[in-house]
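Novice: I have a structure here, written as structure tokens, and I will follow up with some questions on it.
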Ligand code: SF4
């Protein structure tokens, strides 16, 4: 924030008159402007990420939090071990079909307002393992993503840029645009749908059943024709 008079000037609604001699100490404003000037400022500088990593990208995420890059400069150093206390889910790494279920469950357990940052090619779209039998082609197929950070892996600088983009997004959230702040609507927000393990998602705990079924459907091979 800037100095006191600049801040009051920014907060003040020019359509609402204030006597000249009171302008250095009084601002008259509306709720929406108060939200964009003060409330969003406080929220964007106190984001609590969830302690959560999936693969190699998580190492870069850890480096971002360490002293060299110092995520604390953005008010994001309080990394929580519980989704109930987190504002931000950093999906850092390869999302396998087995892991997508707990990821969506954790997302649903986070309180509103909550944000998701997809870090790296894997989380954004499947990455180098996109055609693998066990990898999903992007976490945004299951939960809403606010910021994408491409790269394999993205550098800590790239992640910091993504976090700054998230701060800009929070700055732009306004009561006058209800779609940008759905958690102020009536009633609870809709939960993300829990993924169901489909026919192309193999549960390794059921491997013995799958092997048995594959053996039962296997056709006996034809004997070779030796008369020709
Ligand atoms: S994007 Fe690259 S570095 Fe990140 S998890 Fe995938 S393979 Fe690893």
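Novice: Where the second residue is at pLDDT below 90 and near the ligand (Cβ under 9 Å from one of its atoms) and the first is under 12 Å from residue 92 (Cα atoms) and lies in the range 117-138, which pairs have Cβ atoms under 8 Å and are six or more apart or on separate chains?
Specialist: none
Novice: When you look at residue 213, is it surrounded by 10 or more Cβ atoms within 10 Å (Cβ to Cβ), modelled with pLDDT under 70 and part of a helix (DSSP H, G or I), yes or no?
Specialist: No.
Novice: Does residue 36 fit the bill of being surrounded by 17 or more Cβ atoms within 10 Å (Cβ to Cβ), away from the ligand (no atom under 16 Å from the Cβ) and over 19 Å from residue 149 (Cβ atoms)?
Specialist: Working: surrounded by 17 or more Cβ atoms within 10 Å (Cβ to Cβ): yes; away from the ligand (no atom under 16 Å from the Cβ): yes; over 19 Å from residue 149 (Cβ atoms): yes.
The answer is yes for residue 36.
Novice: Is there a residue being on the phi < 0 side of the Ramachandran plot and within 16 Å of the ligand (Cβ to nearest atom) anywhere in the range 72-89?
Specialist: Yes, the range 72-89 contains at least one residue that is on the phi < 0 side of the Ramachandran plot and within 16 Å of the ligand (Cβ to nearest atom).
Novice: Starting from residues that are assigned to a loop (DSSP other than H, G, I, E, B) and surrounded by 14 or more Cβ atoms within 10 Å (Cβ to Cβ), keep the ones in the range 52-69 and report whichever is modelled with the lowest pLDDT.
Specialist: Going through the qualifying residues, I end up with 52.
Novice: Please specify each residue of the range 60-71 satisfying the condition of being under 17 Å from the mean Cα position of the chain (by Cα) and either under 9 Å from residue 92 (Cβ atoms) or within 16 Å of the ligand (Cβ to nearest atom) (or both).
Specialist: 60, 61, 62, 64
Novice: Being over 30 Å from residue 130 (Cβ atoms) and assigned by TED's automatic domain parsing to the domain that holds residue 112 is true for just one of 25, 82, 92. Which residue is that?
Specialist: Values: 25 fails: assigned by TED's automatic domain parsing to the domain that holds residue 112; 92 fails: over 30 Å from residue 130 (Cβ atoms).
Answer to the check: 82.
Novice: Now a separate question. Identify all residues within the range 92-126 that are within 12 Å of the ligand (Cβ to nearest atom), crowded, with 20+ Cβ neighbours inside 10 Å and not in a strand (DSSP E or B); write none if there are none.
Specialist: 93, 94, 95, 120, 121, 122, 123, 124
Novice: Mind listing whichever residues of the range 127-164 are surrounded by 15 or more Cβ atoms within 10 Å (Cβ to Cβ) and in a helix (DSSP H, G or I)?
Specialist: Within the range 127-164, 127, 129, 139, 140, 156, 158, 159, 160, 162, 163 qualify.
Novice: Let me ask something additional. With 190, 171, 146 as the choices, which residue is more than 16 Å from the ligand (Cβ to nearest atom) and in contact with a strand residue (DSSP E or B) (Cβ under 6 Å, 6 or more places away or on another chain)?
Specialist: 146
The values are calculated or read from the model by the stated rules, or taken from the named source; none is laboratory data. These figures come from a predicted structure and were not determined experimentally. Virtual Cβ from ideal backbone geometry, glycine too; neighbours counted across all protein chains shown.
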